[in-house]
Amino acid sequence: MLEEYADILTVEEACEALRVGHNAMYELLNSGKLHAYKNGRVWRIPKISIQKFVLENAKIN
């Protein structure tokens, strides 16, 4: 999962990976639902955070 991405993603890359828009991504980041950190004013999202987010929120029967 997400092999084509670097270990740390930008907001744009994370939007592409999760197939969500910028507003939805910033909602996830600001609410703490997606774990990330800020480098100055710029969000950086570890790839492992996206993987955990997907696995925890997947509705698998």
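Conditions first: (1) surrounded by 11 or more Cβ atoms within 10 Å (Cβ to Cβ); (2) in a loop (DSSP other than H, G, I, E, B). Met1 passes all but one, so which condition is the exception?
Condition (1) is where Met1 drops out.
From the list Leu29, Leu34, pick out the single residue that is of a type outside the set (Val, Ile, Thr), buried (at least 18 other Cβ atoms within 10 Å of the Cβ) and in a loop (DSSP other than H, G, I, E, B).
It is Leu34.
When you go through Ile45, Ile50 one by one, which is the residue that is part of a helix (DSSP H, G or I), surrounded by 17 or more Cβ atoms within 10 Å (Cβ to Cβ) and among the β-branched types (Val, Ile, Thr)?
On the way: Ile45 fails: part of a helix (DSSP H, G or I).
Every option except Ile50 fails the conditions.
Here are some conditions: (1) at pLDDT below 95; (2) exposed (fewer than 10 other Cβ atoms within 10 Å of the Cβ). Leu55 meets all but one. Which one does it not meet?
Checking Leu55 against (1) at pLDDT below 95; (2) exposed (fewer than 10 other Cβ atoms within 10 Å of the Cβ), the one that fails is (2).
Quick one: in segment 1-42, which of the residues that are of a type in the set (A, V, I, L, M, F, W, C) and modelled with pLDDT under 95 is nearest to Leu55 (Cα to Cα)?
Met1
The values are calculated or read from the model by the stated rules, or taken from the named source; none is laboratory data. Quick caveat, the model's predicted, so the values are computed rather than measured. Because the Cβ atoms are built from the backbone with ideal geometry, glycine has one as well, and the counts that use them run over all protein chains shown.
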